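Trainee: The structure under discussion is supplied below as structure tokens; questions concerning it will follow.
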Amino acid sequence: KNAETIATTLKAAGFNLNLAPVVDLNLNPDNPIIGKLGRSFSADPAVVTRHAAEVIRVHHENGVLTTLKHFPGHGSSREDSHLGFVDVTDSWQEIELQPYKDLIAAGAVDAVMTAHIFNAKLDPELPATLSRRIITGLLRDQLGFDGVVISDDMQMGAIADNYGFEDAVVRALDAGVDVIAIANNLTFDPGIATRIIDLLAAAVADGRLSEARIDASYRRIMALKAKWM
């Protein structure tokens, strides 16, 4: 019922993409950004998958695409990545990948949003949003997802306070991210989209990014748009 209300409201307002559902497992009820806010369906991956599949189904029936988040799992964290660096190395469990595995295998996933979490089990150097090992190696190559990957907001503290903005954007694209999310900066910097386009063009020109990497993202984005065009 709640999913239907959300989907019909979004459709009526002219939106065709919802940055939901959350498929993080409720492994830490005191997690300040997931568990404490009631954003997780369950600690059981089967329950999470079942509820997420229903949310996706209802959205699709109403012409709205969906986004699984936060890959590869934010449910066990003790900190909020909006505020700063979050390390889940000691708390993350492989079962946090299960909803992604099941929903990707079912062909139900339109897009996936990354988590700004650091997990040395998966990448000893970079947080997930900037990690080729996690985005390309794990999500794309191992789990078989070739759809759109969206970054979490690049202005969140976990990224903004630890990496230069321009470097982080280029790293995210190089890692396999297709869409850069900017949620908190439009009022203060209305030219932010143009600035990102310019810096990505410069990164291609100087060899930090390949044209093939940009073309792959373009193909995925156009394929996603074609679902409802």
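The values are calculated or read from the model by the stated rules, or taken from the named source; none is laboratory data. All figures in this text were calculated on a predicted structure; none of them were measured in a lab. Here the Cβ positions follow ideal geometry from the backbone for every residue, glycine too, while neighbour counts run over all protein chains shown. We work out accessible area using only protein heavy atoms, side chains counted, and drop any ligands, DNA or RNA first. Shrake-Rupley method; radii C 1.70, N 1.55, O 1.52, S 1.80 Å.
Trainee: Those residues that are open to solvent by 60 Å² or more (accessible area, probe 1.4 Å) and either among the acidic types (D, E) or in contact with a Leu (Cβ under 6 Å, 6 or more places away or on another chain) (or both), I need them from region 27-47; list them, please.
Mentor: Across region 27-47, the qualifying residues are D30, D44.
Trainee: Given D24, D90, which one is modelled with pLDDT under 95, assigned to a loop (DSSP other than H, G, I, E, B) and open to solvent by 60 Å² or more (accessible area, probe 1.4 Å)?
Mentor: D90
Trainee: Test I214 against the stated conditions and say whether it is aliphatic (A, V, I, L, M) and either touching a strand residue (DSSP E or B) at 6+ places or on another chain (Cβ under 7 Å) or at pLDDT below 95 (or both).
Mentor: Values: aliphatic (A, V, I, L, M): yes; either touching a strand residue (DSSP E or B) at 6+ places or on another chain (Cβ under 7 Å) or at pLDDT below 95 (or both): no.
In short, no.
Listed here are the residues, each with its yes/no results for (1) outside any helix (DSSP H, G or I); (2) within 26 Å of L97 (Cα to Cα).
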| residue | (1), (2) |
| --- | --- |
| E166 | no, no |
| A172 | no, yes |
| D189 | yes, no |
| D198 | no, no |
| S217 | no, yes |
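Trainee: List the residue pairs whose Cβ atoms are under 7 Å apart, where the first residue sits in region 157-182 and is at positive phi, the second is outside any loop (DSSP other than H, G, I, E, B), and the two are 6 or more positions apart or on different chains.
Mentor: So the pair list comes out as G176/R132; G176/I135; G176/T136; G176/R140; G176/V149.
Trainee: Are any residues in region 173-199 closer than 24 Å to K69 by Cβ, at pLDDT below 95 and open to solvent by less than 40 Å² (accessible area, probe 1.4 Å), and if so, which ones?
Mentor: Matches in region 173-199: I180, A181, I182, N185, I192, I196.
Trainee: Oh, and also: Please list, ordered by first then second residue, the pairs with beta carbon atoms under 7 Å, 6 or more apart or interchain, first in region 10-31 and within 21 Å of T89 (Cβ to Cβ), second in a strand (DSSP E or B) and hydrophobic (A, V, I, L, M, F, W, C).
Mentor: Filtered contacts from region 10-31: V23/L68.
Trainee: Moving on. Does R208 satisfy being open to solvent by 90 Å² or more (accessible area, probe 1.4 Å), out of contact with any helix residue (DSSP H, G or I) (no Cβ under 8 Å at 6 or more places or on another chain) and charged (D, E, K, R)?
Mentor: no
Trainee: Could you please let me know if A20 is over 24 Å from G147 (Cβ atoms) and of a type outside the set (D, E)? Can you show your working first?
Mentor: Details: over 24 Å from G147 (Cβ atoms): no; of a type outside the set (D, E): yes.
When the stated conditions are applied, A20 does not pass them.
Trainee: Checking the condition under 27 Å from D215 (Cβ atoms), acidic (D, E) and open to solvent by less than 20 Å² (accessible area, probe 1.4 Å), which residue from D141, D153, D146, D167 passes?
Mentor: D153
Trainee: List the residue pairs whose Cβ atoms are under 7 Å apart, where the first residue sits in region 116-132 and is under 17 Å from D174 (Cβ atoms) and open to solvent by 40 Å² or more (accessible area, probe 1.4 Å), the second is modelled with pLDDT of 95 or more and acidic (D, E), and the two are 6 or more positions apart or on different chains.
Mentor: R132/D174
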